[in-house]
Amino acid sequence: MFSMTSLVRSKTNTFYNWAQTFHSEPTDWLYPESVADVQEIINQSRMQKRTIRVVGAGHSFTPLVATSDCLISLERLTGIISLDDKNETVTVLAGTKLFDLSERLAIHGFSLENLGDINVQSIAGAIATGTHGTGITFGSISTQVDSLTIVKADGSLYTLRSHDDEFAGAVVSLGTFGIVVSVTLRVVKRPIYHYESAKVQFIDLQRDLFQWIERHQHFEFFLFPHSDTVHVKTMNPSDHGPEDITKHKTTSLVVENYLLQCVSSVCKTFPKSSKFFSRLSSNAVSETSLHAPSDELFSTARNVRFVEMEYAVPLEKLPQILAHIRTALHTSNYNVHFPIEVRTVKADQLWLSPSYERSSAYIAFHMYSGTEFRPYFKAMEAIMDTFNGRPHWGKLHTKSSNQLRVLYPRFQDFLQLRDEFDPDQMFLNSYLRELFYH
Ligand SMILES: Cc1cc2nc3c(=O)[nH]c(=O)nc-3n(C[C@H](O)[C@H](O)[C@H](O)COP(=O)(O)OP(=O)(O)OC[C@H]3O[C@@H](n4cnc5c(N)ncnc54)[C@H](O)[C@@H]3O)c2cc1C
């Protein structure tokens with residue numbers, strides 16, 4: 001037990017992640033309110049030979065934060081510490097949620113250069129798994145990091161800077177180097193973007209794929225199973241003034257959440273109807289054009305629960321891979337109505353980043369919670385394997401440490417460096433032990 005009586009503790013005993021793909025029962029679930037609290041928890045854990053997992057917003061699908069020992073949440077360590085206008089960097093406490101950071105930055109005329117589909121993750125959680133958005137000239141959120149300050153297993157504070165040798169190993173860390181307490185990120189002057197959404201025929205998209213990728217600052221598309229219609233979204237900088245996008249947000253909320261919820265419930269009860277609803281959804285894609293600040297456009301609400309697998313594949317192989325996916329969908333009747341999401345990310349130098357030294361297309365497969373996803377994910381994962389796909393750490397996958405060693409050239413270096421930071425394996429759980437060493 002921890003002898004810190006002032007520490008805030010969770011009122012519940014069971015931790016569930018967002019997708020409810022796992023749950024665990026930590027013996028202690030603590031909310032430190034200062035960096036000194038974090039250091040004290042680590043010091044006591046070390047003396048008692050206990051293990052610690054730290055949770056952000058619990059939005060990973062894999063059991064990265066599952067523990068029957070000590071769970072820490074940095075929910076009470078949030079906010080901007082300092083903003084450097086001249087160098088365009090911001091230093092934030094690690095528990096800060098992305099939406100909160102975006103709102104605070106906007107007040108000062110700044111934003112993050114890119115974001116993913118949602119903005120409810122904590123900044124430390126997003127960085128630890130290589131969370132990404134889309135745009136071939138942009139790396140993941142982890143590549144926006146200038147420095148990280150962590151509390152190490154010996155209780156000391158340690159800052160890793162982008163020019164340090166260890167930095168590339170310690171950023172995408174799955175929370176296994178120590179507890180990140182603050183982060184310095186590069187920011188940009190908050191741009192206005194022109195957002196467009198359109199329907200395109202697959203054959204046309206496939207023909208012009210690399211032009212779409214190169215011509216648009218942010219480009220993504222959704223491939224509907226059993227349909228030839230693709231939903232394409234682009235965002236590009238614009239001199240146009242911002243518009244009121246409340247109506248657009250409300251429509252997205254209704255279509256992408258309430259309607260999707262209804263459709264998903266029907267498909268769960270009548271799986272064979274998935275094909276029909278996938279086609280219907282592809283035809284219902286709306287053509288939209290509007291202007292707004294980037295951070296208001298990147299992320300949307302995701303209220304329908306689903307499970308997800310996502311792989312990063314070499315960008316140049318994307319047309320071939322799409323053809324394989326479509327053939328598999330046509331020849332095997334998977335009951336799937338969620339579209340497949342495809343995004344692009346620039347190559348980086350972070351050892352455990354799925355985009356390590358290769359510009360990548362990220363292909364994401366979703367299934368409604370509570371439906372049988374395994375045969376579909378297994379078939380899609382086999383295609384990803386053929387093209388040396390690297391799994392997103394926060395999303396479902398079945399890779400073993402032997403496979404990861406081949407896919408991530410610096411995997412062994414990562415483990416060696418990790419051992420130096422955490423010699424007694426304080427920051428591992430059984431899932432990570434298996435993932436790293438077996
Ligand atoms: C609906 C939905 C949409 C998503 N959209 C995207 C997307 O568009 N792009 C994308 O790439 N991913 C996406 N994801 C995945 C998600 O971004 C990642 O799984 C991310 O890591 C979750 O952040 P979190 O704050 O919830 O962290 P958690 O899931 O709670 O934790 C993730 C990892 O971070 C570590 N961690 C958290 N805080 C700290 C800390 N202070 N110090 C050290 N380690 C820490 C944890 O130990 C764990 O290993 C999505 C997930 C969901 C559920």
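More than 12 Å from the ligand (Cβ to nearest atom), touching a residue at least 40 places away in the same chain (Cβ under 8 Å) and farther than 15 Å from residue 92 by Cα: which single residue out of 120, 188, 171 fits that description? It would help to see each step written out before you state the result.
Values: 120 fails: more than 12 Å from the ligand (Cβ to nearest atom); 171 fails: more than 12 Å from the ligand (Cβ to nearest atom).
Answer to the selection: 188.
Of the residues making up segment 308-333, those that are under 26 Å from residue 266 (Cα atoms) and surrounded by fewer than 21 Cβ atoms within 10 Å (Cβ to Cβ) number 9.
Take residue 432 and tell me if it is in contact (Cβ under 8 Å) with a residue 40 or more places away in the chain, buried (at least 20 other Cβ atoms within 10 Å of the Cβ) and out of contact with any helix residue (DSSP H, G or I) (no Cβ under 9 Å at 6 or more places or on another chain). Give the derivation first.
Details: in contact (Cβ under 8 Å) with a residue 40 or more places away in the chain: yes; buried (at least 20 other Cβ atoms within 10 Å of the Cβ): yes; out of contact with any helix residue (DSSP H, G or I) (no Cβ under 9 Å at 6 or more places or on another chain): yes.
For residue 432, the condition - in contact (Cβ under 8 Å) with a residue 40 or more places away in the chain, buried (at least 20 other Cβ atoms within 10 Å of the Cβ) and out of contact with any helix residue (DSSP H, G or I) (no Cβ under 9 Å at 6 or more places or on another chain) - is met.
Is it true that residue 106 is more than 23 Å from residue 36 (Cα to Cα), at pLDDT 95 or above and within 8 Å of the ligand (Cβ to nearest atom)? For residue 106, the condition - more than 23 Å from residue 36 (Cα to Cα), at pLDDT 95 or above and within 8 Å of the ligand (Cβ to nearest atom) - is not met.
Would you mind finding the one in 331, 327, 288 that is under 20 Å from residue 195 (Cα atoms), assigned by TED's automatic domain parsing to the domain that holds residue 245 and of a type in the set (Val, Ile, Thr)? Result of the check over 331, 327, 288: 288.
Restricted to segment 335-360, and to residues there that are of a type in the set (Gly, Ala, Ser) and away from the ligand (no atom under 13 Å from the Cβ), the residue that is surrounded by the most Cβ atoms within 10 Å (Cβ to Cβ) is 359.
Might you let me know whether segment 401-412 holds any residue that is closer than 20 Å to residue 224 by Cβ and either crowded, with 23+ Cβ neighbours inside 10 Å or outside the structural domain of residue 62 (by TED's automatic domain parsing) (or both)?
Scanning segment 401-412 turns up no residue that is closer than 20 Å to residue 224 by Cβ and either crowded, with 23+ Cβ neighbours inside 10 Å or outside the structural domain of residue 62 (by TED's automatic domain parsing) (or both).
Residues are listed down the side, and each one gets a yes or a no for (1) loosely packed, with under 13 Cβ neighbours inside 10 Å; (2) of a type in the set (A, V, I, L, M, F, W, C); (3) assigned by TED's automatic domain parsing to the domain that holds residue 138:
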site: 241; (1), (2), (3): yes, no, no
site: 260; (1), (2), (3): no, yes, no
site: 265; (1), (2), (3): no, no, no
site: 275; (1), (2), (3): no, no, no
site: 293; (1), (2), (3): no, no, no
site: 300; (1), (2), (3): no, no, no
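If you go through segment 291-328 and keep only what is in a loop (DSSP other than H, G, I, E, B) and over 25 Å from residue 360 (Cβ atoms), you end up with 301, 303, 304, 305.
Scan 192, 213 and give me the residue that is under 30 Å from residue 79 (Cα atoms) and surrounded by 15 or more Cβ atoms within 10 Å (Cβ to Cβ). Working first, answer last.
Details: 213 fails: under 30 Å from residue 79 (Cα atoms).
When all the criteria are applied, what remains is 192.
Can you tell which of 266, 285, 254 is β-branched (Val, Ile, Thr) and either closer than 21 Å to residue 19 by Cβ or in contact with an Asp or Glu (Cβ under 7 Å, 6 or more places away or on another chain) (or both)? Even if it seems obvious, please write down each step before you answer.
Details: 285 fails: either closer than 21 Å to residue 19 by Cβ or in contact with an Asp or Glu (Cβ under 7 Å, 6 or more places away or on another chain) (or both); 254 fails: either closer than 21 Å to residue 19 by Cβ or in contact with an Asp or Glu (Cβ under 7 Å, 6 or more places away or on another chain) (or both).
After applying the criteria, what remains is 266.
Mind listing whichever residues of segment 381-401 are hydroxyl-bearing (Ser, Thr, Tyr) and assigned to a loop (DSSP other than H, G, I, E, B)?
So in segment 381-401, the residues hydroxyl-bearing (Ser, Thr, Tyr) come out as 386, 398, 400-401.
Scanning segment 381-401 gives 398, 400.
Filtered by the rule that a residue be without any contact (Cβ under 8 Å) to a residue 40 or more places away in the chain and either within 16 Å of the ligand (Cβ to nearest atom) or part of a loop (DSSP other than H, G, I, E, B) (or both), segment 402-429 gives 404, 415.
The values are calculated or read from the model by the stated rules, or taken from the named source; none is laboratory data. The structure presented is a predicted model; accordingly, all values stated were derived computationally and were not measured. When we count neighbours, we look across all protein chains shown, and the Cβ atoms used for this are built from the backbone with ideal geometry, even at glycine.
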